[in-house]
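Worksheet: one structure, shown below.
Since every read-out is calculated from the coordinates, none of them should be taken as a lab result. This structure is a prediction, so every number in the text was calculated from the model and none was measured. Because the Cβ atoms are built from the backbone with ideal geometry, glycine has one as well, and the counts that use them run over all protein chains shown.
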Amino acid sequence: MSKELLKGNIAIAEAAVRAGCEAYFGYPITPQTELLEHMSSRMLELGRVFLQSESEVAAINMVYGAASAGARAMTSSSSPGISLMQEGLSYIVGSEVPAVIVDVVRGGPGLGNIQPSQGDYNQLVKSAGHGDYHPIVLAPANIQEAIDLTVLAFDLADVYRTLVFVVADGTLGQMMEPAELPPMRALRPRPEWALTGKGERPQNIISSIYLSADLLEAFNQKLQAKLALIAQREVRYEAYQLEDAEYVVVAFGTVGRIAKTAVQNLRRQGIAVGLFRPITLWPFPEKQLSELADSGRIKAFLVTEMNAGQMLQDVRLAVGRDVPVHFYGRMGGVVPMPEEIETALAELVNGNGRLPKTILEGKNGHPTR
Amino acid sequence: MVTQLVEPTEKLVYQRPDSLAELYTHYCPGCTHGTAHRLVAEVLDELRLQNDTILVASVGCSVFSYKYFDVDAAEAAHGRACAMATGIKRVHPDKIVFTYQGDGDLASIGLAETMHAAIRGENITVIFINNAIYGMTGGQMAPTTLPGQETTSSPFGRDVRLTGNPIHVAELLAAIPGTAYSVRRSMHDARHVLQAKKAIQTAFTVQQQGLGFSIVELLSSCPTNWKMTPNEALSWVRDNMLPVYPLGDYKVPESLQSTKRGKRD
């Protein structure tokens, strides 16, 4: 395989195809529509299942059905569409079937806009449906990583029989850059729990109902044990120039990539800054961030996001009270320029771990667009 | 002395169909869900489909139907049975996939999923139980509730000026090109029960032949929430539901016209 120039949405779609996605269901919504369009030809070419559903509600329940039937199944959408899927997400986790969902996040709330945003952090990490669980949430920062994490998403979904999100944003979905696609994998066989017609074996049931409180609690305890295992095994993050860093910017996805440029520029000026980029938003790299805070070397953290500070809360929980955690964010579909993060970091350094009030308010003296 | 073996004189004429699990159901006494379950199971047995069938149960009184039928089964979210069945059928086009849904599930919250499954000509079978009420939640007004019918959420009787008229699912779906088979039957007496079974058999045959979406609407009783004895409830189906919901064949594929019942000139 060699690198080719790929658009994010199409790269994710083709990665899913090659990872052995057997059934895709989806509904058009900007900025993810090219993903659905790619699937509409590619899946049929390969004799696999593609269906444009009547709504996101139907799409997620078709995924639920196809996954129950033993196929590697997926859907993709963008923020309001993901909100519509919430009930289905919960059923999928509650009945322990694997499924992969791509969320190309756009600006909210409401109809918002179609610009890049990270406003779905809470929706995916904290509240992807009713009940006690978190889906696995993978956050790529470039197209190669989006490809690799899409393949990983299917594998993790299968291993843990759970829901895995790949969360991109309008930037990642729409941009083009060189990346390498994985080799085509064979479709995996049907799992033994799948609905295939019972034949001579006992009946298989896919259900999330436990009418007895004791049985439901027992299921929930089993689910929590599984989540604890995932939290222990599946944390992924990028540590960039953290070895001697005194100031650390924490950012994920597209903003993580922008922040890396800011870190590089400040490093050239001899300033000891580094980047901590969570790749799994759940499980969140809490322990790793906590250890970094406890190293005694870090003077301050700067969390930057394209939202009002949703991951910020997780960073604060991990870091604790001993090291200050500041925030710089843009909202409503505005993508920060590297200079903005650079300026915020530089001022944090100049203020010896304290940000001027103007920075905290995210206005005045900083490049705006 | 020679002991003479006596041939048993018992002849088995009635037993639990293989496609029904050996379980007590939670259905109320006099409820026709039991009848509908048995009819579907008998048809699955007779067509030898038990081992190749996947059921999608719904939310409502029939929520546990996945346990009562001894076939592979999923329990869908409220109203989403036809979407879930679509996902299953697309993965297993060679298997028989059917949903079992009540009127709140199918005709209210799940109307979009049901209509679009029919519009796509999804090759699945829908067993639709119409008892004019929300049973599991304790007797609220459904989209199928009769004009003037008192329920716990229409305590003064359904006022059609405020809540519209009953929805006619069999007629509605028959108008869709993707629907191959759409009929309404009743289960209020033995003759109608037998006609209902025949329709269920035709619906599964339609699916076996790959002809498209098939639905059997079954008028059913709910003695508990109608606050009647089982017999009164069956009479109520006959006297009050039949005039609003005419029995009939609203769409039958030409190739199966010979099985058409109650032909109206």
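Backbone phi angles across the stretch B:154-166, fed through the Karplus curve with coefficients 6.51, -1.76 and 1.60 (θ = phi - 60°), yield HN-Hα couplings of 9, x, 9, x, 5, 9, 5, 5, 9, 10, x, 9, x Hz in residue order; Gly and Pro are listed as x.
Measuring r between the beta carbons of residue A:286 and residue B:190 and using R0 = 60 Å, the FRET efficiency lands at 0.35. Only DSSP H runs of four or more residues enter the estimate; each adds -39500 (n - 2.57), and after division by the residues of chain B the mean residue ellipticity at 222 nm equals -8000 deg cm²/dmol. Dividing the summed -39500 (n - 2.57) terms of all DSSP H runs of n ≥ 4 by the residue count of chain A sets its mean residue ellipticity at 222 nm at -12500 deg cm²/dmol. Legend: residue pairs B:95/B:198; B:11/B:67; B:67/B:95; A:126/B:89; B:11/B:198; B:198/B:251, Cα-Cα distance threshold 23 Å; pairs beyond threshold, B:11/B:67; A:126/B:89; B:11/B:198. The string of couplings for the stretch A:122-133 from the Karplus curve (6.51, -1.76, 1.60, θ = phi - 60°) is 4, 4, 8, 7, 9, 8, 7, x, 7, x, 9, 6 Hz, one whole number per residue in order, with x for Gly and Pro. Here's how it looks for residue A:102: its modeled amide H is under 5 Å from those of A:75, A:76, A:77, A:166, which are all 5 or more places away or on a different chain. Amide hydrogen proximity for residue B:154: with H placed 1.01 Å from N in the peptide plane, the residues at 5 or more positions away or on another chain lying under 5 Å are B:141. 3J(HN,Hα) along the stretch A:8-16, derived from phi through the Karplus expression 6.51 cos²θ - 1.76 cosθ + 1.60 where θ = phi - 60°, amounts to x, 4, 6, 4, 5, 4, 5, 4, 5 Hz, with x in place of Gly and Pro.
Our note on the geometry: Cα centres of the stretch B:200-245 and the stretch B:171-187, 13 Å apart. Here the spin labels are modelled as points 7 Å beyond Cα on the Cα-Cβ line, and at residue A:232 and residue B:240 they lie 6.0 nm apart. Would you compute the Debye intensity of the protein assembly as shown from its alpha-carbon atoms alone, equal scatterers and no solvent, and pass along log10 I(q)/I(0) at q = 0.07, 0.08, 0.10, 0.11 Å⁻¹ to two decimals? So the normalised log intensities work out to -0.52, -0.65, -0.90, -1.02. For chain B, the longest piece that avoids every one of the GluC sites (Glu not before Pro) found in DSSP loops with at most 13 other C-beta atoms within 10 Å covers B:23-265. For the stretch A:3-22 versus the stretch A:125-143, the spacing of their alpha-carbon centroids is 21 Å.
Under 5 Å from the amide H of residue A:303 lie the amide H atoms of A:250, A:326, A:327, A:328, each residue being 5 or more positions distant or on a separate chain, with H modelled from the backbone and absent for Pro and chain starts.
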